[in-house]
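Working notes, structure below.
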Amino acid sequence: MSPLCEEDRRALLGLARRAIVEAVVHGRALEESPANPTLTRLAGAFVTLHRGGQLRGCIGHIEASEPLADTVARCAVSAALHDPRFSPVSRQEIPGLQIEISILTPPEVTRPEDVQVGRHGLLISRHWQRGLLLPQVAVEYGLSRERFLEEACRKAGLPLDAWKDLDTEIRAFTCEVFSEEQPGDASPRSAA
């Protein structure tokens, strides 16, 4: 996956913000779909919302099942309204939200010793249980490789050492991460 140009990053950040405004303020889905071929490619993505430097919501799709622009718009609305860890974003909060977008490469099966902290995100699964952590989580919290694997297991609802079990599948992926410079500003800043 080739990196997005600044114009495409700006377009996705603006699209995410407009989708949130439409959903929160007007109670409807955004009817806009960019014609840019780069933004219509299939890709998994996560949208993370921060307010005052604190996490306010984060939702994504791992699988590349729809055009990137549609995935970003849907994830932005879900992060604002449907992240079960938070109450829905209010109209008054929108101007203070800072939007971060992570575009994912397809997750590939890997061995624990091949996981690179700061480069790889993790998707750990066993049977129906799954846990995903974006690469920036390990950096933000200063996690070692082992601790990153443990935290992904925790997120999946598995024992912390489940990553050592042969029945546990470990997949790694990389992300292109960018965010608004300031809340409400579609000028992209690379986060990783």
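The values are calculated or read from the model by the stated rules, or taken from the named source; none is laboratory data. Keep in mind the model is a prediction, meaning the values are calculated, not measured. Here the Cβ is made from the backbone with ideal geometry for all residues, glycine too, and neighbour counts use every protein chain on show.
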If you go through the stretch 157-182, how many residues are farther than 14 Å from GLN129 by Cβ and among the aromatic types (Phe, Trp, Tyr)? 2
Would you check if there is a residue in the stretch 86-104 being under 22 Å from PHE173 (Cβ atoms), hydroxyl-bearing (Ser, Thr, Tyr), in contact (Cβ under 8 Å) with a residue 40 or more places away in the chain and not in a helix (DSSP H, G or I)? yes
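Here is a yes/no grid of residues against (1) in contact with a helix residue (DSSP H, G or I) (Cβ under 6 Å, 6 or more places away or on another chain); (2) at pLDDT 90 or above; (3) farther than 21 Å from LEU122 by Cβ:
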| site | (1), (2), (3) |
| --- | --- |
| ALA11 | no, yes, yes |
| LEU39 | yes, no, yes |
| ARG51 | yes, yes, yes |
| CYS58 | yes, yes, no |
| ALA64 | no, no, no |
| THR71 | no, yes, no |
| HIS82 | no, yes, yes |
| SER102 | no, yes, no |
Out of the residues in the stretch 51-61 that are surrounded by fewer than 19 Cβ atoms within 10 Å (Cβ to Cβ) and in contact (Cβ under 8 Å) with a residue 40 or more places away in the chain, which is farthest from ILE103 (Cα to Cα)? GLY52
Residues located in the stretch 1-48, provided they are of a type in the set (Lys, Arg) and farther than 23 Å from ARG91 by Cβ: ARG9, ARG10, ARG41
So the check is Cβ under 7 Å with 6+ separation or different chains; which pairs have a first residue in the stretch 22-50 that's within 26 Å of PRO107 (Cα to Cα) and a second one that's of a type in the set (Lys, Arg) and surrounded by 20 or more Cβ atoms within 10 Å (Cβ to Cβ)? LEU49/ARG56; HIS50/ARG56
Given the criteria hydrophobic (A, V, I, L, M, F, W, C) and more than 28 Å from GLY131 (Cα to Cα), does VAL21 qualify? yes
Looking at LEU68, LEU15, LEU39 in this structure, which one is buried (at least 18 other Cβ atoms within 10 Å of the Cβ), touching a Lys or Arg at 6+ places or on another chain (Cβ under 6 Å) and of a type outside the set (D, E, K, R)? LEU68
Return yes when THR40 is farther than 21 Å from ARG130 by Cα and β-branched (Val, Ile, Thr) and no when it is not. yes
